[in-house]
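We did not get these values from a lab; they are worked out from the coordinates using the rules stated. What you see is a predicted model; the values in this text were computed from it and never measured. All Cβ positions, even for glycine, are placed from backbone atoms using ideal geometry, and neighbour counts span all protein chains on display.
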Amino acid sequence: MPTRPRYEMPDFFRDALTTHGLMEAYLARPPYQQNDYIGWVTRARLEATRQKRLNQMLEELKKGGVYMRMKWNG
């Protein structure tokens, strides 16, 4: 079975988490979710899409109990 790619956290991603005070919430998520969020945001071709995805992630972390618009019982 092929392994999933591992993504490094880009500076803009780290800055957004820090600015919004959500780094702790992000790090509390399982590694697969952390990796999925980075990959999902950074794979966006357009800057507007990247920002929309980043904002969705930030809202989900702020709200808690949500992962990629699905209920999550972390």
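Compute the signed sum of charges (Lys and Arg +1, Asp and Glu -1) over the other residues within less than 14 Å, Cβ to Cβ, of PRO31.
Values: positive: ARG4, ARG6, ARG29; negative: GLU8, ASP36.
Neighbour charge sum, excluding PRO31 itself: +1.
Count neighbours as other Cβ atoms within 10 Å of each site's Cβ, and list the GluC sites (Glu not before Pro) in the stretch 5-74 that are DSSP loop with at most 16 such neighbours. The partial results should precede the final answer.
Numbers: sites: GLU8, GLU24, GLU47, GLU59, GLU60; in loops: GLU8.
Passing sites in the stretch 5-74 are GLU8.
Near GLY65, within a Cβ-to-Cβ distance under 15 Å, what is the net charge of the other residues, with Lys and Arg +1 and Asp and Glu -1?
Taking every Cβ under 15 Å from that of GLY65, the sum is +3.
Restricting attention to the chain, which trypsin sites (Lys or Arg not before Pro) occupy a DSSP loop and are surrounded by at most 13 other Cβ atoms within 10 Å?
Qualifying residues, ordered by number: ARG6, ARG43, ARG45, ARG69.
For a quick size check, give me the Cα extents of the chain along its three principal axes, largest first, whole Å.
Rounded to whole Å, the extents work out to 31, 30, 20 Å.
Hey, fewest Cβ within 10 Å first, where do VAL66, VAL41 land in order? Could the numbers behind the result be given before it?
On the way: VAL66 16, VAL41 22.
Ranking VAL66, VAL41 by Cβ neighbours within 10 Å, fewest first, gives VAL66, VAL41.
What's the FRET efficiency of ARG43 with THR18 using the Cβ-Cβ distance as r and R₀ = 25 Å, to the nearest 0.05? Intermediate results must be reported in sequence, preceding the final value.
Working: r = 22 Å, r/R0 = 0.88.
For R0 = 25 Å, the calculated efficiency reads 0.70.
State to the nearest 20 debye the size of the charge dipole of the chain about its Cα centre, where the only charges are +1 on K and R beta carbons and -1 on D and E beta carbons. Could the numbers behind the result be given before it?
On the way: 13 positive and 8 negative charges, 66 e Å.
The calculated dipole for the chain is roughly 320 debye.
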